[in-house]
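*Asks:* Can you keep this structure in mind? I'll have questions shortly.
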Amino acid sequence: MTVDVQLNAQRLFDDGARDRDERREELGRDLVSAAYLRGDFVLSSGMRSSFYFDKYLFETKPGILRRVSNLLAEEIPPGIDRIAGTELGAVALAVALSLEMGLPFVIARKAPKGYSTSRAVEGELYPGERVVVVEDVISTGAQAILAANRLKEAGGEVVKVVAVIDREQGGLQGIAAAGYECSALFSLSELGL
Amino acid sequence: MSAQPLIPDGTWDLLAAGGVTSEGDGPAPYRPLRAPSAASELVARFAEVVRELEADLVLVWDDLDQIVLGQLLAAQLGVGVARAYDADGLVAIRDDAPLDGRVLLVTDALRDPRTMAAMRGIVEQQGSTVAGIAVLVATDDLREAAGDVPVLALAEWGQRSGGAG
């Protein structure tokens, strides 16, 4: 499975001009191949599920990360100053997107550490900077909203939230209701899950 | 079992030493480290209330104040403590005491029903039994979220008057 993913990654890397829909469709298949697990899982909501999408299994594969950031970059509005990744998983996406677009990034913590420099936002963020928050998987949207609010409190202007996968649990609507534009590359149902 | 016991005199004073007052929209987080002696006395009372559930293990959410509360209570009950946490969307158990037997879910108050549902879910998935929910200050929301699981509380939100000091 890993070999297939790497082969696809290399092929797509060599053929960046291919149609976006085709690249997106192929990426979706590879995301499922890399990260879809079957079993008996207890979700943090307390619900039981017969499957789980383990985001770390795609976020740690360079061939997928490269293609994810390539597609995410197309979701970024013009005039953005900085990317923001929420800890932990989206930090890898923020790095990949930062390299893809040549934009600096910051890390939005779930909670300040309570020791050391104890920042809610790690890295440099200057007042008035236009920021895009990148998320890996959106469920209720609470984490993304928390991160966006922290970035606002730190002086940034949060222009948009972009995610890789929307679990279709009302997260996109919740983020929009909180006043932030948002989009996701895939919904779970688009991935056939 | 769900009937509320008479709240011993001084209970609210002990709660207040940890930052919980009867003011506001709901119980503030209990901070046992603010007043360790008061916490020990409070939890000794708490243990007498929940002892009848005959738990084999205490399960808390992986938060410092909850862990301290759980540890104090477990010591009184003579059982172990396990911690549940959110592993990026999945509920997982820290490598403490294994989930086994009758598991008592312990919290100071209910602030997020999903946390309680998550702890209940992981206990049931592991084939253990939820003995009940032990809560310092019970609210209507918690009792509603508990469903058919017994709830034993040291104090009841909104019932400070009448015996509580």
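*Asks:* Scan the stretch B:81-111 for residues that are closer than 12 Å to B:Gln66 by Cβ and facing another protein chain (nearest Cβ under 10 Å) and report the count.
*Replies:* The number of residues fulfilling the criteria is 2.
*Asks:* Can I ask one more? Considering only residues that are among the aliphatic types (A, V, I, L, M) and buried (at least 19 other Cβ atoms within 10 Å of the Cβ), look in the stretch A:15-37 and name the one that is farthest from the other protein chains (Cβ to nearest Cβ). It would help to see each step written out before you state the result.
*Replies:* Step one: filter the stretch A:15-37 for residues among the aliphatic types (A, V, I, L, M), giving A:17, A:27, A:31-32, A:34-35, A:37.
Among the residues that remain, those that are also buried (at least 19 other Cβ atoms within 10 Å of the Cβ) are: A:27, A:31, A:34-35.
Numbers: A:Leu27: 21, A:Leu31: 15, A:Ala34: 16, A:Ala35: 12 Å.
Filtering first and then ranking leaves A:Leu27.
*Asks:* Test of understanding: among B:Ala16, B:Ala87, which residue is of a type in the set (A, V, I, L, M) and modelled with pLDDT under 90?
*Replies:* Unique residue meeting the criteria: B:Ala87.
*Asks:* OK, next. Out of A:Ala142, A:Ala90, which single residue is surrounded by fewer than 17 Cβ atoms within 10 Å (Cβ to Cβ), among the small types (Gly, Ala, Ser) and within 14 Å of chain B (Cβ to nearest Cβ)?
*Replies:* None of the others qualify; the one that does is A:Ala142.
*Asks:* For A:Ser189, are the conditions met, namely being surrounded by fewer than 24 Cβ atoms within 10 Å (Cβ to Cβ), touching a helix residue (DSSP H, G or I) at 6+ places or on another chain (Cβ under 8 Å) and of a type in the set (S, T, N, Q)?
*Replies:* No, not satisfied.
*Asks:* Failed condition for A:Ala108, given (1) closer than 30 Å to B:Leu64 by Cβ; (2) of a type in the set (A, V, I, L, M, F, W, C); (3) surrounded by fewer than 16 Cβ atoms within 10 Å (Cβ to Cβ), with all others met?
*Replies:* Condition not satisfied by A:Ala108: (3).
*Asks:* Answer with yes or no whether A:Ala163 is modelled with pLDDT under 95 and within 24 Å of A:Lys61 (Cα to Cα).
*Replies:* no
*Asks:* Being within 14 Å of chain A (Cβ to nearest Cβ) and within 30 Å of A:Glu168 (Cβ to Cβ) narrows it down to one residue among B:Gly147, B:Gly127; which is it?
*Replies:* It is B:Gly147.
*Asks:* Which residues, taken from the stretch A:160-179, are surrounded by fewer than 20 Cβ atoms within 10 Å (Cβ to Cβ) and not acidic (Asp, Glu)?
*Replies:* A:Lys160, A:Gln169, A:Gly170, A:Gln173, A:Gly174, A:Ala176, A:Ala177, A:Ala178, A:Gly179
*Asks:* B:Leu152 is checked against (1) under 30 Å from A:Val137 (Cβ atoms); (2) more than 14 Å from every other protein chain (Cβ to nearest Cβ) and fails just one. What number does that condition carry?
*Replies:* (1)
*Asks:* Taking A:Leu57, is it free of Cβ contacts under 8 Å to residues at least 40 places away in the same chain and over 19 Å from A:Leu193 (Cα atoms)?
*Replies:* So A:Leu57 fails the test.
*Asks:* So, in the stretch A:38-61, exactly how many residues are at pLDDT 90 or above, farther than 12 Å from B:Ala87 by Cα and either more than 7 Å from chain B (Cβ to nearest Cβ) or buried (at least 20 other Cβ atoms within 10 Å of the Cβ) (or both)?
*Replies:* Here the count works out to 7.
The values are calculated or read from the model by the stated rules, or taken from the named source; none is laboratory data. Fair warning: this is a prediction, and the values are worked out from it, not measured in the lab. We place every Cβ from the backbone using ideal geometry, glycine too, and count neighbours over all the protein chains shown.
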